[in-house]
1. Report the residue count in segment 136-152 for those that are part of a helix (DSSP H, G or I) and touching a residue at least 60 places away in the same chain (Cβ under 8 Å).
2. In the set 178, 174, 199, 194, which member is within 20 Å of the chain's Cα centre (by Cα), buried (at least 20 other Cβ atoms within 10 Å of the Cβ) and under 18 Å from residue 236 (Cβ atoms)?
3. Taking residue 209 and the conditions (1) in contact (Cβ under 8 Å) with a residue 12 or more places away in the chain; (2) assigned to a loop (DSSP other than H, G, I, E, B); (3) surrounded by fewer than 19 Cβ atoms within 10 Å (Cβ to Cβ), which numbered condition does it fall short on, given that it satisfies the others?
4. For a quick check of your reading: which helices (runs of 4 or more DSSP H) sit entirely within segment 1-107 and have at least 2 residues that are within 29 Å of residue 206 (Cα to Cα) and without any contact (Cβ under 8 Å) to a residue 60 or more places away in the chain?
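What follows is calculated from the coordinates using simple rules that are stated; it is not laboratory data. The structure presented is a predicted model; accordingly, all values stated were derived computationally and were not measured. Cβ atoms come from the backbone with ideal geometry, glycine included; neighbour counts cover every protein chain shown.
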């Protein structure tokens, strides 16, 4: 329009366009080193796995890759089920058995493709939990630390999907290694209550009092198209008091049902909401003390 009118008309971006561009800049920020975001809620149905997948896709697309989602469930998690399949069935268990290969100087990122599951146009990788129905307790705290260190060597962002047992050694290891805690919840009363109880437990036993106000972000999801339970504003308000930020993410039918997520079926408005959610995550990470990791500050 500026060119066609010879400079007589110079439209300015709308508020929505400026907000979107600002969120994009936040998501694309350069960190001083690899960063780990751990997604937590001790109750099932809290949208923890779908939050990991949507954050993986959002960061992966807008940062151009360098993102891995790691299912740290000590039993059989669902991240692998909801992700795109690969040409292999390898999981955390197989990677642990071959971890010595990646602790050598000649190790290459490409070799990890035999254990991770690339998510195609979503531009992130998934490391699934052990999918054998008869196995449990294979991933302890020490194993988590070794896998986490490996992933930090090859990826800029490590997103961790956790299980429901706050006393499990791998759950505690993930919380201690987190640069940022993403508290997932819905507006359902029981799910929100479980998240608040977990926040109390985390600050009392692991992170220290007030830690989530510095490095915690709440992701508040609608459980269905009509919402339900506690009013959304009440949940957002409660978590805004506990965390550095609380962000609403809408219900999307493409994320319901429990099967593999087809990102092409997700509504544009949902992708926009997740851009703003990931901007809150990235901005909170960026606001941490410069040159000092969260782990070093504890």
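1. Of segment 136-152, the ones part of a helix (DSSP H, G or I) are 141-152.
Next, only the ones that are touching a residue at least 60 places away in the same chain (Cβ under 8 Å) stay: 144, 147-148, 151-152.
The qualifying residues number 5.
2. Working: 178 fails: under 18 Å from residue 236 (Cβ atoms); 174 fails: under 18 Å from residue 236 (Cβ atoms); 194 fails: buried (at least 20 other Cβ atoms within 10 Å of the Cβ).
The conditions single out 199.
3. Unmet for residue 209, out of (1) in contact (Cβ under 8 Å) with a residue 12 or more places away in the chain; (2) assigned to a loop (DSSP other than H, G, I, E, B); (3) surrounded by fewer than 19 Cβ atoms within 10 Å (Cβ to Cβ): (1).
4. Values: elements: 15-27, 48-63, 79-82, 92-97.
It comes to 92-97.
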